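Rule-based calculations on the coordinates, nothing more; no lab input. On a predicted model such as this, the values are computed, not experimentally measured, just so you know. Methodologically, a virtual Cβ is constructed for each residue, glycine included, from the backbone with ideal geometry; neighbour enumeration extends over all protein chains shown.
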Amino acid sequence: MVEVKKINVGVVVFPGSNCDHDCFYVFDKILKQNVKYIWHKESELGNVDLIVLPGGFSYGDYLRCGAIARFSPVMRSVVEFARNGGYVLGICNGFQILCEVGLLPGVLLRNKSLIFICDTVHLRVDNNRTVFTSNYAQNEVIRIPIAHAEGRYYADETTLSELESNNQVVLRYCSPEGRIDDDYNPNGSLNNIAGIVNEQGNIFGLMPHPERASDPVLKNTDGIRIFESIIKYFIFKKV
């Protein structure tokens, strides 16, 4: 019997996380990988290939989203792991935390409408040459749920220009046909940005929830290819 390689995934749990079980379920039950929870007070990550910062309301979103979570003991280890080339995926609140801790540029502000948005949106894959998106076609349009009140991506002009020129914008909100304009921008994000990677390509933050579009029972599996892309990279070491 041929042994199938698996990757080791750590899902960080903060007080107020509510998508940690969803992420765990996808890696464990659907993709059959090795996955464990890592409590926010832990100072060691252990043997992991990927760290996931899940969605939710870490520390009740007091002060602002991710502002308290960045000081959790576990984040010191996550920052060290990431800066040494480790792979990190931040979803929704996880994206906010990555920006707060400085692993990704920019910030997530209150939605332009100032209301919480829970919907399924269209996204265009603007960069499929990343560890996280290689299972998509370039410019493919996918549908993934969002659920946030502070999802409006903002950065200064210099940072925004660098993101664009370095091809670090991975996902954009779009029309069903892939058109990028304000009519299909649910939260007012600059340049319709929904997800970005760092310049080195090992850290990915996105506001949409791919774990909520991964189980066939939900009639939408557009999100699972993000997780499958990561697994493919580690098993075959190619993008």
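Starting from the Cα gyration tensor of segment 162-239, take the square roots of the eigenvalues, sort them a ≥ b ≥ c, and report rounded, prolate or oblate (rounded when a/c is under 1.5, otherwise prolate if a/b is larger than b/c, else oblate).
Values: a/c = 2.40, a/b = 1.15, b/c = 2.08.
Oblate is the answer for segment 162-239, as a/c is 1.5 or above yet b/c matches or exceeds a/b.
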Quiz item: What is the magnitude of the charge dipole of segment 135-179 about its Cα centre, with +1 placed on the Cβ of each Lys and Arg, -1 on the Cβ of each Asp and Glu, and no other charges, expressed in debye to the nearest 20?
Solution: 260
Exercise. Would you kindly derive the ³J(HN,Hα) couplings of segment 30-37 from the backbone phi angles with the Karplus curve 6.51 cos²θ - 1.76 cosθ + 1.60 (θ = phi - 60°), listing them in order in whole Hz, with x for Gly and Pro?
Key: 8, 9, 6, 9, 7, 9, 9, 8
Self-check item: For Cys19, net neighbour charge (Lys/Arg +1, Asp/Glu -1) across residues whose Cβ lies under 9 Å away
Solution: -2
Self-check item: Shape of segment 142-201, Cα gyration tensor, a/c cut at 1.5
Solution: prolate
Quiz item: Of Met207, Gly60, Met75, whose Cα points farthest to the positive end of the dipole of the chain (charges on the beta-carbon: +1 Lys, Arg; -1 Asp, Glu; origin at the Cα centre)?
Solution: Met75
Practice problem: Pull up all non-local amide H partners of Gly178: gap of 5 or more, or a different chain, and H-to-H distance under 5 Å with H placed in the peptide plane. | Solution: none
Quiz item: For labels at Trp39 and Ile235 in the simple 7 Å Cα→Cβ model, what's the distance in nm?
Solution: 3.3
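Given the -39500 (n - 2.57) contribution per DSSP H run of 4+ residues, what per-residue ellipticity at 222 nm results for the chain, rounded to the nearest 500 deg cm²/dmol? Walk me through the numbers on the way to the answer.
On the way: 5 runs with 47 residues, N = 239.
So the calculated ellipticity at 222 nm is -5500 deg cm²/dmol.
Counting other C-beta atoms within 10 Å, and keeping those with at most 10, which DSSP coil GluC sites (Glu not before Pro) do you find in segment 177-239?
Values: sites: Glu177, Glu199, Glu211, Glu228; in loops: Glu177, Glu199.
Passing both the DSSP loop test and the Cβ count: Glu177.
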Quiz prompt | For Asn8, distant residues with modelled amide H under 5 Å away | solution = Asp49, Leu50
Self-check item: Highest-first arrangement of 35-43, 52-60, 182-190, where packing means the average Cβ count within 10 Å
Solution: 52-60, 182-190, 35-43
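Measure up Lys6/Lys29; Lys5/Lys36; Lys5/Lys219; Lys5/Lys29; Lys41/Lys237 against 22 Å on the Cα-Cα distance and list the ones that go over.
Lys5/Lys219; Lys41/Lys237
Take peptides 153-165, 16-28 and line them up by average Cβ neighbours within 10 Å, highest first, as a rough protection proxy.
Values: 153-165: 14.9, 16-28: 19.9.
Answer by packing, highest mean first, reads 16-28, 153-165.
Which FRET efficiency value, to the nearest 0.05, do you get for Asp156 and Glu177 by plugging their Cβ-Cβ distance into 1/(1 + (r/R0)^6) with R0 = 22 Å?
Values: r = 31 Å, r/R0 = 1.40.
So the FRET efficiency works out to roughly 0.10.
Using only the Cα atoms of segment 113-177, build the gyration tensor, take square roots of its eigenvalues as a ≥ b ≥ c, and label the shape rounded, prolate or oblate: rounded if a/c is under 1.5, else prolate if a/b is larger than b/c, else oblate. Walk me through the numbers before you get to the answer.
Working: a/c = 2.24, a/b = 1.12, b/c = 1.99.
Cα axes put segment 113-177 in the oblate bin.
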Quiz prompt | Added length on full extension, which subtracts the Cα-Cα distance from 0.36 nm per residue, Glu140 to Tyr62 | solution = 24.4 nm
Self-check item: Amide H contacts under 5 Å for Phe57, placed H, 5+ residues apart
Solution: Ser17, Asn18
Quiz item: If you rank Leu103, Leu114 by fewest surrounding Cβ atoms within 10 Å, what's the result?
Solution: Leu114, Leu103
